[in-house]
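Engineer: To start, I am sharing the structure in question, which I have written as C-alpha cells.
The values are calculated or read from the model by the stated rules, or taken from the named source; none is laboratory data. Model, not experiment: these values are computed from the prediction. Note: ideal-geometry Cβ built from the backbone for every residue, glycine included; neighbour counts use all protein chains shown. Protein only, heavy atoms only, side chains kept; ligands, DNA and RNA dropped before computing areas. Shrake-Rupley method; radii C 1.70, N 1.55, O 1.52, S 1.80 Å.
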Amino acid sequence: MAWLHELFSLSPEIALFLALAGGTWLGRFKLGAFQLGGVAGALVVAVLISQVGVTIGDGIKNVLFALFIYAVGFDSGPKFFSSLGRQTLREVALSLVLAVSALLTLFIMAKLFSLDQGTAAGIAAGALTQSAIIGTAGAAIAKLDLAPAQIQQMQGNVAVGYAVTYIFGSLGTIIICVNILPKIMRRSIREDAMKAELDLLKGAPLLAADQTPALPDIVGRLYEAGPVKNKRVAELEALASPQFPVTLERLKRGGEEIHVTADLQLMENDILLLVGRREGIVALAQYLGKEILTEHGPSMVMKTSEVLMVNPAFINKRLVDLRNQMAADIRHGIYVISVKRGENILPVSDETVIKHNDVVTLFGSEQDIQRAISLAGASLVKSIKTDLLFHCLGIAVGLLIGLLIVRIGSVPLTLGSGGGALLSGLLFGWYQSRKPLSGNIPRGASAILRDLGLAGFVAVVGLQSGLQAVETIRSSGISIFLIGVVVTVVPLMITLLIGRYLLRYNNAAIFAGALSGTRSANPAFGEVLNKAGNAIPTASFAVTYGLANVFLTLLGPLIVAIA
C-alpha cells in the first residue's frame, strides 16, 4: 500500500475521483428495496481509500459544497419565497423538535457513559453532522475553569468524537430519510414529488424533455377544399369558433403552392393545410372535403417560442380582451400554448390575466411568431451557455454572507459557507425568475453542479476523517461510535414520528426534504432529490436547513454546560 500512499501524496485528486467512481458503482447495487445511492457510496469508498493515508485540503471540499448548495438554492428560489408565510410554521416546529430531542439524547448518553464535555460535544458535531458545533463547543470549553492541559485534552476529544461519529451521522440520516421514512408513511418519495409538482402546475401536463402528448393541443391537418369552394380564406377561418381558432397556413393548387391571403378565393380541388386547436379543426372538418395524406399536400415548419411580457399595452388584460383588441391580421396564426408566472403554470383560458414578466409560450409560423414578439416583449431564447458573471457573483456573495458572525452573548452564530451559498442561491434564483433575461443556466449544467458538488464534498469528508475514525474505534473501542449511532437515530426517529402523526406531513417528498434539513444533512438531502426527480423537497429543506444552522450550532455551548 506504500505505493498508493505515495501516489495519493503526489495527487490527492486521484483519490477523490476514484472515490466518486467507486461510490457511483457501489451505489447502484440493490439489496431488496434498499439502495445505497451514489452519495453514500462515495462516502463508504472514500473511507476505504483513506486507510492508505490521504491528505486533501479543505479548499476543494468548500468549493464543491458551495457549488452544490448554490445550485440547489438557485433552482428552488422562486418556490421557496412563494412558500414563505404561515405555512412554514410546521417546518419551524419540526426543527425545534429535532434540536430539543438531540439535546436530551446527548444529555442522557453523557450521564449514562460519563462522557466529558469535549467528547459529548464531538459526538454531537459528528452524529448531527453539524461541524459548527466544533467551533462553538471549543470556544465554550476554553472558558471553563480548568487547567490548560485539561482544556486542550477536551478540545482534542471534540475532534475525536466528531471523526468517529460523522460517517454514520451522514449515512444513518440517508437511510432514515430515504428508506425508512417512505416505509413508515407507506408512500413513495418519487410519486409524492410528482403529485406535488402536478398540483403546482395546476393540472397542466407534466412532460419530460423526451415526452410529447399523444393528443397535442395544436395540430395540423390536410383537407381538400370541396364544399367550401368559392369561399374566401377569411370566410373559411371564420367558420371556426373564436375559442378554438383555425388558420389556413398553406395552400396547394394544381401541384403548386400559392401564397395565402385573406381574400384568396378557394377552388374545389385545392389542398388546404389547416393549423389550429384540435377541437377547432375537428369541428371545421364537417365543412370541408376529404382528409388526405401529408405527402400529397403542402408542408410547413412551425415554431414554439417563449415571450417575456413587458409591453404595458398587454399587461393586466385577459386573453379574450387581447384577442378582441387586436386586428385579425395581427393575431392571425398565433396560438398561446402556456402562461407561466414565476414557477407557476397558469391555466390558458379566456379569463387568464397577463401580468408584467409573465412568460407566454407561443406557437405559429416563423413570421407570425416574430410579429408577436415585436409587439409583446422580448424573446427568451434557450441558450446552451451559462451566465458565469451572474452565477460566480452569486456564489461569491453567498460565501461573503457565510463569513458574517452575529454574537448572542458569547455565542457566535454564523450561516457558514453552506448556509450563505444556499441563501444567495435562493435570492439569485428568485431574482432570475423575475428577470429571466439574465442568469441563464442550462438544466444539464445545473445538474452537474448538484451531482458533482455533493458527491465530491462527501468523498472529501470521507478521505479526511475516515482514517482517524477507524483508528479511534480500534484504540478506544466501539462505544463512542455506538453512542453516535444512538444520537443520530433517536432524535431523527422522534422527529419523524412527531412530524408524521402530530404535524401531519402527508407528502413523503416534502417531509423527507424537511427532515433532512432539520439535521443540516446535505448528503441525505442530495439522495432525497435523486429519489424525487424534481425540486419539490427543496422548499421545505431550505426552511429547516436555515433554522438547523442556528439551533444545532447553539447546542455546542449548551452541551458543554450540561454534560
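Engineer: Within the set of other residues whose C-beta is less than 11 Å from the C-beta of residue 417, count the net charge using Lys and Arg as +1 and Asp and Glu as -1.
Structural biologist: Net charge in that neighbourhood comes out at 0.
Engineer: Go through 394, 299, 225 and say which Cα lies farthest out towards the positive end of the charge dipole of the chain; charges sit on Cβ, +1 for Lys and Arg, -1 for Asp and Glu.
Structural biologist: The one lying farthest along the dipole's positive direction is 394.
Engineer: Treating only the Cα positions of the range 411-563 as identical point scatterers, give the base-10 log of I(q)/I(0) from the Debye formula at each q in 0.11, 0.14, 0.18 Å⁻¹.
Structural biologist: Ignoring solvent entirely, the Cα scatterers give -0.57, -0.90, -1.34.
Engineer: Quick one: if the Förster radius is 41 Å, what FRET efficiency do residue 48 and residue 86 give, using the C-beta to C-beta distance and rounding to 0.05?
Structural biologist: 0.30
Engineer: Summing Lys, Arg as +1 and Asp, Glu as -1, what charge do residues with Cβ under 11 Å from the Cβ of residue 371 carry, residue 371 excluded? Mind showing how you got there, number by number?
Structural biologist: On the way: positive: 331; negative: 329, 366, 368.
Within the 11 Å Cβ shell, the charges total -2.
Engineer: Now for a different question. Please identify the longest segment of the chain free of exposed trypsin sites (Lys or Arg not before Pro), where exposed means a DSSP state other than H, G, I, E or B and no more than 13 other Cβ atoms within 10 Å.
Structural biologist: Values: sites that count: 28, 143, 186, 202, 290, 382, 385, 504.
Result, exposed sites excluded: 386-503.
Engineer: To the nearest 10 Å², what's residue 267's accessible area with a 1.4 Å probe?
Structural biologist: Spelled out: residue 267, probe radius 1.4 Å, area about 100 Å².
Engineer: Just going by the charge dipole of the chain, with Lys and Arg at +1 and Asp and Glu at -1 on Cβ, which of 537, 352, 488 is farthest out on the positive end?
Structural biologist: It is 488, whose Cα lies furthest towards the positive end.
Engineer: Straight-line reach from residue 303: which aspartates and glutamates have Cα under 18 Å away, leaving out those fewer than 8 places along the same chain?
Structural biologist: Cross-link targets: 210, 217, 249, 366, 368.
Engineer: Accessible area of the chain with a 1.4 Å probe: how many percent of it is carbon plus sulfur?
Structural biologist: 62
Engineer: Report Rg (one decimal) and Dmax (nearest whole number) for the range 500-563, counting Cα atoms only, units Å.
Structural biologist: Radius of gyration, then largest Cα-Cα span, for the range 500-563: 13.4, 43 Å.
Engineer: How big is the dipole moment of the chain about its Cα centre under a simple scheme where the beta carbon of each Lys and Arg is +1, that of each Asp and Glu is -1, and everything else is neutral? Debye, nearest 20, please.
Structural biologist: 1120
Engineer: Extension gain residue 188-residue 389, at 0.36 nm per residue separation less the Cα-Cα distance, in nm?
Structural biologist: Full-extension gain reported as 68.5 nm.
Engineer: Let me spell out the model: positive unit charges on the Cβ of Lys and Arg, negative unit charges on the Cβ of Asp and Glu, origin at the Cα centre of the range 418-558. What dipole size does that give, in debye rounded to 20?
Structural biologist: 400
Engineer: Using the heavy atoms of the protein chains alone and a 1.4 angstrom probe, what is the accessible area of the range 414-563 per residue in square angstrom?
Structural biologist: Per residue, the range 414-563 has an accessible area of 34 Å².
Engineer: Let me ask something additional. Quote to one decimal, in nm, the extra length available between residue 502 and residue 265 on full extension: 0.36 nm per residue of separation minus the C-alpha distance between them.
Structural biologist: On the way: separation 237, 0.36 × 237 = 85.32 nm, distance 7.15 nm.
In short, 78.2 nm is gained.
Engineer: Would you please give the residues with an amide H less than 5 Å from that of residue 378, counting only those at least 5 places away or on a separate chain, with H modeled from the backbone geometry?
Structural biologist: For residue 378, whose amide H was placed from the backbone, the distant partners under 5 Å are 308, 310.
Engineer: Another one. How much net charge surrounds residue 181 when only the other residues with a Cβ under 12 Å from the Cβ of residue 181 are counted, with Lys and Arg +1 and Asp and Glu -1?
Structural biologist: +3
Engineer: On the full set of protein chains, 1.4 Å probe, figure out the accessible area of residue 215 and give it in Å² to the nearest 10.
Structural biologist: We get 120 Å² for residue 215.
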